[in-house]
Amino acid sequence: MLAKLRKMALHLALVMAPLSLSLSACNRPAQPIDEQTVANPDEWPSWGRTGTETHYSPLDEIDAGNVDVLKLAWHFDLEPGYSPSTPLMAEGKVFFTTGHSHIRALDAVTGKLLWEYDGGTRERATSALQMSWGSKGIAYDAGHVFLVTTDGYVVSLDAKTGKEAWKTYDYPDASPRNSNGPPRVFGGKVIVGFGGADISPARGFVTAYDARTGQRAWRFYTTPGDEVEPVNRKAEEVMRKTWPGGWKKPDGSRRGGGGTAWNAFSYDAELHLVYLGVGNGFPYNQQLRSPDGGDNLFLSSIVAVDVDTGAYKWHYQLCPAEQWDCTATADMTLATLEIDGKERKVLMQAPKNGFFYVIDRSNGQFISAEKIAKVSWAERIDRKTGRPVENPGIRYNGKPGMFEMWPGPTGAHSWMPQAYSPQTGLVYVPVMDMGALIGDAPKGGGGGGEIAAGMGVTLIPEVELPGGHRSYLKAWNPVTQSEAWRVDLPGSWPGGVMASGGGLVWQGQIDGKFVARDARTGKELWSFKTESPIVGAPITYRVNGRQYVTVITGSGGQGAGMQSLGNAAYRTDYRLPRRVLTFALDGKDTIPPFTLPALVPPEDPGFQPDLARAQAGAMLFGTRSCIVCHGWNAVGGGAAPDLRYSPTITDAATFRTIVKEGGLKLNGMPPFPQFTDEDLETLRFYLRSRAQAAPGEQKALLEKAKAARVSNAKPQDFAGRWNITIQSPVGPQKAVMDLKVVGSVVTGIVTAEQGKVDVAGAVKDGRAKFEGKASMPMPITIKYDVTVRDGQLVGDNANGPFGTFPVTGVRP
């Protein structure tokens, strides 16, 4: 009864106090407002502001009517390094992390530096994984700031001084792990997880520490194993029967595991539940991970546990027997929704797999799910069972060739936060359309297109597929499971989102704009040119009755080097200024203009191309962790320097000092002592090849933009011989194209150094599209999509799983 009275009082307070919560009689909330959602509106103490993870603030001084006069109040300059993180605000201070566990506290009104703390990761780290990318956030509670260093230390800092209150180590063994998600403090417990299930079958777990003392309160395992604490017995029983062949090899070593929960945690204080978002399994290939099949819980699952004990309560699995890097690690938003005339306590998630889920958070009951992006792996989610109805052929085990998979492993929605506004009843999701090619690993395991050894899968995550490399901000109605509105965004890597009580949605963009939109329509109402891309989510807070909005600039966070090609048309340069920017209605600060110098590869006059050696270097770059920070095909995405333009690649001694010996470890570049001298030179040769190709690729990007315009080329314009140049990742590749055109039908032969390919297709709307089969060394399809403009052939060459590259041609 008391809870009901409190709820009634809250509703009355919201109606009677429109100035404080922006809910006037003419702007009533579209959905019920939970007390947890609007608690302490002046501060932003957690990743999602409260345990509901809504990324919503009821503050409304800045609203749709006055946001157009919003000005910069203060800024704080940052050094180069990882900065796609979400700041916090409490005690009149803005707290944030950059680099590798470097924490600062600034005065929330002036931006003055109050203290800073270095987590020490760069000195301690023993693996590239621990330095691959930095933390995405920190937590605050009861006078303390909490962080997890990327190499596994959980630390409590005094919020006034930055001094350590306690420190403990989270990792139980030497298995490869990385902690880069934000910790949470729920119910007096510091909740932490870790990543690493893309390279190791190590058993996933989530740990809770007492926020006052640092003593371990509980540990919840997400895949089965030998260590079973009494509180975990029920969970272990649930998991083991879904791994019917066990998780061990005959020699006792671990065959299958993963299930790391590195990012997503939510909390319902009334239900006393913490919700864990669990990741993928390793190996990806289920036939290797679990030869006898099974759903393999708790992979790709949302799991509810008791906040005090960690005891299992319920689970919901998104992708049973997952084998596509299908994870449930996107943020989970809690709300009360009126569905079919009844108020339901729900959990909402838009995970990587392309569906938007609504489930009952009290018991895990499935309510609804619909596609929010392009999806090819499943037809739908069955409403009776809550299980996906998979499309035929999507399971690649034992099958030849590569399969087109949507979404790819980057997901339709990655870690960048979504936001929910009870005012509109809409969830605002940063969505991507990005496909991939996936298939079984070559016989014998290893090699081939494996990004990490032992994955058991050939995976090409960065592929130029029609309709790919796109991103949107989508406003989604979770009750009707339908799109309310969408906005096309630049590039393929959208920023995190915040919603506020003034009827606004805030988001940074890859093109260096910070934007406020009308939450009901998506109309852009205000923007600020930041000079740099923004990936992390903004926050808002209030001090002395004045509302502020803060965001941190800087690109990164893509993971595995994916999503750099989709942003190649935008400057995401590592050297772009990174800043903390804070805005208010009467702000008077400015930032100096900044112009990056033109991108010019280093002079390398003695370089002689060698296709075979460049391809060998490309394999090293792709399988030895280089792509994680330096981008797919060495196209930098902003997380680290773009090596195509680095002078270090032209000097063998300098390159060795940095890459093999760790000369820049304190700058965040880990050493790779496992490289042989021969491998090191082959890798350097590949980067020199990429540098040679860079100007042509940049020119081709401009040509591609021209070619995208409507063409009036006639079928006979394509006939005859063309000397073509394909801008491949290992340098410009020459070929000769002989085409015959009869009516609109195109046939011909393309001759290159690797051999000949017969092609066939048609001309339609001024574009010729044709394809042929080749073997390099696996059977692949080579496709061309070209037009003729000003006497030149321009367009794309889709080279099977190896990517899509610009192609130009001239008459001999």
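The values are calculated or read from the model by the stated rules, or taken from the named source; none is laboratory data. A quick note: this is a predicted structure, and the numbers were derived from the prediction, not measured. No Cβ is skipped: glycine too gets one built from the backbone with ideal geometry, and neighbour counts run over all protein chains shown. Side chains are part of the model used for accessible areas, which takes the heavy atoms of the whole protein and leaves out ligands, DNA and RNA. Shrake-Rupley method; radii C 1.70, N 1.55, O 1.52, S 1.80 Å.
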**Prompt:** Cα to Cα, under 17 Å, and not fewer than 8 places away if on the same chain: which aspartates and glutamates meet these conditions relative to K93?
**Reply:** D42, E43, D77, D107, E116, D141, D158
**Request:** Find how many whole Å separate the alpha carbon centroid of region 36-85 from the alpha carbon centroid of region 226-245.
**Result:** 41
**Message:** Just to confirm the filter: which chymotrypsin sites (Phe, Trp or Tyr not before Pro) across region 180-212 are DSSP coil and have at most 14 other Cβ within 10 angstrom of their Cβ?
**Reply:** none
**Item:** Accessible area in square angstrom per residue, the chain, 1.4 angstrom probe
**Value:** 37
**Complete:** For region 279-295, in residue order, the Karplus 3J(HN,Hα) values (coefficients 6.51, -1.76, 1.60; θ = phi - 60°; whole Hz; Gly and Pro = x) are x, 7, x, 9, x, 4, 5, 5, 4, 8, 6, 8, x, 8, x, x, 6
**Complete:** By the mean-Cβ-within-10 Å protection proxy, highest first, 586-597, 66-77, 751-762 rank as 66-77, 751-762, 586-597
**Prompt:** Straight-line reach from K740: which aspartates and glutamates have Cα under 15 Å away, leaving out those fewer than 8 places along the same chain?
**Reply:** D717, D758, E771
**Asked** Using 0.36 nm per residue, how much length does the chain from D173 to E681 gain when fully extended, once their Cα-Cα distance is taken away?
**Response** 179.5 nm
**Asked** Amide H to amide H under 5 Å from W218: which residues, 5+ apart in sequence or cross-chain, H placed 1.01 Å off N in plane?
**Response** A208
**Message:** Taking 23 Å as the cut-off for C-alpha to C-alpha distance, list the pairs among K523/K588; K313/K345; K513/K665; K342/K374 that go past it.
**Reply:** K523/K588; K513/K665; K342/K374
**Calculated from backbone phi, Karplus (6.51, -1.76, 1.60) coupling profile of region 136-148 in Hz, x at Gly/Pro** = 8, x, 9, 9, 9, 6, 6, x, 9, 9, 10, 9, 10
**Request:** Could you please state how large a percent of the accessible area of the chain is carbon and sulfur, counting protein chains only and using a 1.4 Å probe?
**Result:** 54
**Request:** Take each complete run of DSSP H in the chain, measure how far its Cα atoms stretch along the helix's own axis, and keep only those covering 20 Å or more with mean Kyte-Doolittle hydropathy at least 1.0; list them.
**Result:** 2-16
**Message:** Which one, A537, L106, V750, projects farthest toward the positive side of the charge dipole computed for the chain from Cβ point charges (K/R +1, D/E -1)?
**Reply:** V750
**Cα centroid separation, region 470-510 to region 102-172 (Å)** = 30
**Complete:** Filtering GluC sites (Glu not before Pro) in region 196-271 by DSSP loop and by at most 16 other Cβ atoms within 10 Å leaves E227, E270
**Fill in**
Given backbone amide H placed at 1.01 Å from N, residues whose amide H is under 5 Å from that of R184, ignoring those fewer than 5 places away on the same chain, are I191
**Distance between region 330-409 and region 578-600 - C-alpha centres, whole angstrom** = 40
